[in-house]
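Report on the structure given below.
Just so it is clear, none of the values below were taken in a lab; they were calculated from the coordinates. Since this is a predicted model, take the numbers as computed values, not measurements. Cβ atoms come from the backbone with ideal geometry, glycine included; neighbour counts cover every protein chain shown.
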Amino acid sequence: MDYIILSVTLLAIGMYGLVTKHDLIKVLISIELITAGASMNFVVFASLMNDSLGQTFMILAFSVDSCVTAVALALAVIVYRKLKIIDVTELSELKE
Amino acid sequence: MMHNMLLETVLVVGVVASAFFAMYLEETVYAVLSLTTMFIVLSALYFSLNAPFAAVFQLAIATGTIAVFFLAGEMLTKKTGATTSLKKKLLGLAASILLSIPCIIGTEQTKTFTRSTGFSISTALWELRAVDAIAQGLVILTVALGIVFLLKEERRRS
């Protein structure tokens, strides 16, 4: 079993979502997949080396990630309430 | 040994399939549920890798918090109304199983790293990363309060 390939697969699925999806929630889900793939490396390497330090880093990284998700979702809800837009391409057009 | 290998294979296929469906499904609710499933299966994978703290944390934070955030976000925004047909779902399942094959047949190169610090979780967290842990607690508290104020202000205005 190669967990590095699993991590890369999660990263690839997340990148695919970031590139192709326009729904703001789907974009955030893509970011979640990428961070899940990244933090998985900490646990896998920690497990293979029989070390707890990787688990600690995963816990710290995931705390920050959950904060980022909470803020991003709050902003998404506010943007939707104000502009009635959930499509990221329409949001980027507002800059012009 | 064989039993453990089979369990890990099932978990890896589950992680890849649920991650793939989180992106592939048009219905946002089902995509969020698929993401939640991925977090749960990933947590089980961490248990099988002898990382119980990471597994419990993943289960509590990812499944308990992030999934609820996403569901709330989905409920508060509009629904696209798009659906995925059964044929497309089956195609997606086949694609996700194909995607998980490299992980299953891949040989593990990471066993060459054998250096270990030997720290326990509590030592690593409270002696090495104590400032980080406390600072993160403050960040989480600030974020929670900030979101409450942000949503309250927006509600007051509307």
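Screening the candidates B:VAL32, B:VAL16 for the property of being at the interface with chain A (Cβ under 9 Å from one of its Cβ atoms), in contact (Cβ under 8 Å) with a residue 60 or more places away in the chain and not charged (D, E, K, R) yields one hit, B:VAL16. Note on the stretch A:1-39: residues that are in contact (Cβ under 8 Å) with a residue 24 or more places away in the chain, of a type outside the set (A, V, I, L, M, F, W, C) and assigned to a helix (DSSP H, G or I) amount to 7.
Out of A:SER52, A:SER7, one residue alone is over 16 Å from the mean Cα position of the chain (by Cα), among the small types (Gly, Ala, Ser) and surrounded by 17 or more Cβ atoms within 10 Å (Cβ to Cβ). It is A:SER52. Residues in the stretch A:65-89 that are in contact (Cβ under 8 Å) with a residue 60 or more places away in the chain and more than 7 Å from chain B (Cβ to nearest Cβ): A:ASP87, A:VAL88, A:THR89.
The set of residues in the stretch A:1-35 that are more than 8 Å from chain B (Cβ to nearest Cβ), within 21 Å of B:LEU71 (Cα to Cα) and out of contact with any Asp or Glu (no Cβ under 9 Å at 6 or more places or on another chain) comprises A:LEU18, A:VAL27, A:ILE34.
Selection over the stretch A:48-92 of residues that are in contact with a strand residue (DSSP E or B) (Cβ under 9 Å, 6 or more places away or on another chain) and assigned to a helix (DSSP H, G or I) gives a count of 1.
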